[in-house]
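The values are calculated or read from the model by the stated rules, or taken from the named source; none is laboratory data. Worth saying up front: this structure is predicted, and the values here are computed from it rather than measured. Reconstructed Cβ throughout: ideal geometry from the backbone, glycine too, with neighbour counts over all protein chains shown.
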Amino acid sequence: MKRIGLTLLTAFVGGAMALGSYKLIEKKYADNMSIDDKQKVYFASNHLSPAITSSAGEVDFTQAAAAVTPAVVYIRTTYPSQAGNSQQDMMQQMFGDMFGQRTPRQNTPQMASGSGVIISPDGYIVTNNHVVTRADKIEITTNDHRHFTAKVIGTDPNTDLALIKIDASNLPIVKLGNSDDAKVGEWVLAVGNPFNLTSTVTAGIVSAKGRGIGIIGREDDQDDNPFGPTRMRSQDPKPNTGIESFIQTDAAINPGNSGGALVNTKGELIGINSAIASHTGSYEGYGFAIPINLAKKVLNDIQKYGAVKRGYIGVSFVDLSDPASAEKVKSDKTNGLYVDELVAGGGAEAAGLKKGDIITKVEGVTVYESSDLQERVARLQPGDKIHLTVMRDGNEKTFDVLLKAGAPVVRTAVVSKSATELYNKLGASFMPVTPAQKSKFHLNGGVIVTQVRDGGIFDSFEVPVGSVVTKINQQPINSVADIDKAITNLKNGNVVISGYYPDGGSFNNSFMVGQ
């Protein structure tokens, strides 16, 4: 009996040690997990009800709504009165008044509202870029009425997406679905906070896919019709040029729904609600959501690198689905993309594409309009290859194009006073320096600036992407957590940021909190 007891005790102690070691390892690697990995871990332990049916079977919205609603949050943002410049006025007209529910401009701080979707148990939330752009303060209210202040992790104006984070754990999340599998006519639910009415669920169908409505990046466009066709587009996004391949739905989407969830009847997130087509600014039957397969790539890049790493084919093209454009290039084709120009040294030129080629397929899928190509490319990284089929002299030819890196378009900014708000005020995103950067600057640590957003402190001091921050208020900085600590304990409200420019020159910039 003693031997059996000793054996059981040994087994118990061994099991406890193994469990403890597992928990330590789990804690160590949790912060380095991608959003996709966090989703897999979460749903391995928190299964959705197997009784939830797809729209192909018996239609039941109740279970999908119950699964999704707890993870859709209400976002309240505050804007400084001085932000009302002409560019901001245009952004407000296009996005705020129509989709974000902002109050009239005054000399007092402005308020706006929107929605967000929790996609990671440790507090990562996806929303629209236009919901948080230029915000002083981002306040989050969860479905169970808890309140948090969020920080901006990074933004991507080219897709109108933003990743923000709150300091919380064990949060309910929405399962990421596969937007490629969504079918026209399929039932979907829109979940958000329209007109300040929290946790609102509406139902409709997928009306169309791959919609390009010319709304993202339109603030510099002279066309008075925000939904008019853009006859010629470049695959390589330039400043204020958006990547659009919206899921269109007739589920009711109104001001305040921006950043909310579009889910299928299995409770899976297939899109982030972003825009409406309306003459009145309210629902008229046409809503548009960013496909989640595109959003996954953008959000994972922001989490991992602090900015989106986007690959480029290196072509400008004419969309032949527009008859006027097809006539200009003397083409009788009604779909496909006419290669109008090749970027010198770009992937397309290196692969052998020529001016006058017509891109007819991407990865074997027919290209009907520009969005069919742009979304596929936007999911990939520099260094990835994409398989293109082109029509040349009446014959089909195939090419494997190596995507080249390009400078990311970085815009947006935030301003404020508390620790989280002050972090937003910096207007930048960061990641730890690489060994090569340590060697270049002869450093033991630091964080590299991966994104600079307009209007923030880094923008005003002209600290560019690629700079290295080594100290804040003489405290060594090696991670975002170090930045949080350094700006939490300020003396006399003064912040001094030290580091090196990409060319090796040093900087030592100082500013007062609240200036």
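Could you go through segment 320-343 and let me know if any residue there is out of contact with any Asp or Glu (no Cβ under 9 Å at 6 or more places or on another chain), under 21 Å from G383 (Cα atoms) and in a loop (DSSP other than H, G, I, E, B). For segment 320-343, residues out of contact with any Asp or Glu (no Cβ under 9 Å at 6 or more places or on another chain), under 21 Å from G383 (Cα atoms) and in a loop (DSSP other than H, G, I, E, B): absent. Across segment 51-68, the qualifying residues are those that are assigned to a loop (DSSP other than H, G, I, E, B), of a type in the set (A, V, I, L, M, F, W, C) and surrounded by fewer than 16 Cβ atoms within 10 Å (Cβ to Cβ), and the one among them that is modelled with the highest pLDDT is V59. Residues in segment 382-400 that are under 29 Å from the mean Cα position of the chain (by Cα) and among the aliphatic types (A, V, I, L, M) were compared, and the one that is nearest to D340 (Cα to Cα) is L388. Given segment 131-200, what strands (runs of 3 or more DSSP E) lie entirely inside it while holding 3 or more residues that are under 23 Å from V298 (Cβ atoms) and in contact with a helix residue (DSSP H, G or I) (Cβ under 6 Å, 6 or more places away or on another chain)? Qualifying strands (runs of 3 or more DSSP E): 151-156, 161-165. Residues satisfying the criterion are absent from segment 83-101 (criterion: among the hydroxyl-bearing types (S, T, Y) and modelled with pLDDT of 90 or more).
Residue-wise test of (1) modelled with pLDDT under 55; (2) surrounded by 15 or more Cβ atoms within 10 Å (Cβ to Cβ); (3) of a type in the set (S, T, N, Q).
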site	(1), (2), (3)
A18	yes, no, no
K23	yes, no, no
K40	no, no, no
S49	no, no, yes
P70	no, yes, no
Y74	no, yes, no
T78	no, yes, yes
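Here is a check on your reading of the model: is V298 among the β-branched types (V, I, T), buried (at least 19 other Cβ atoms within 10 Å of the Cβ), assigned to a helix (DSSP H, G or I) and outside the structural domain of G204 (by TED's automatic domain parsing)? Judged against the criteria, V298 is not a match.
When we screen S245, S274 for residues that are crowded, with 22+ Cβ neighbours inside 10 Å, of a type in the set (S, T, Y), touching a Pro at 6+ places or on another chain (Cβ under 9 Å) and touching a residue at least 60 places away in the same chain (Cβ under 8 Å), the only hit is S245. Tell me whether segment 124-134 contains one or more residues that are modelled with pLDDT under 85, of a type in the set (V, I, T) and under 21 Å from the mean Cα position of the chain (by Cα). So far as segment 124-134 goes, yes, one or more of its residues are modelled with pLDDT under 85, of a type in the set (V, I, T) and under 21 Å from the mean Cα position of the chain (by Cα). Within segment 299-313, is there a residue that is at pLDDT 85 or above, basic (K, R) and over 27 Å from L262 (Cα atoms)? There is no residue in segment 299-313 that is at pLDDT 85 or above, basic (K, R) and over 27 Å from L262 (Cα atoms).
When segment 328-365 is examined, which residues are found to be farther than 13 Å from H387 by Cβ and in contact with a helix residue (DSSP H, G or I) (Cβ under 8 Å, 6 or more places away or on another chain)? D332, K333, T334, L337, Y338, V339, L342, V343 - these are the residues of segment 328-365 that are farther than 13 Å from H387 by Cβ and in contact with a helix residue (DSSP H, G or I) (Cβ under 8 Å, 6 or more places away or on another chain).
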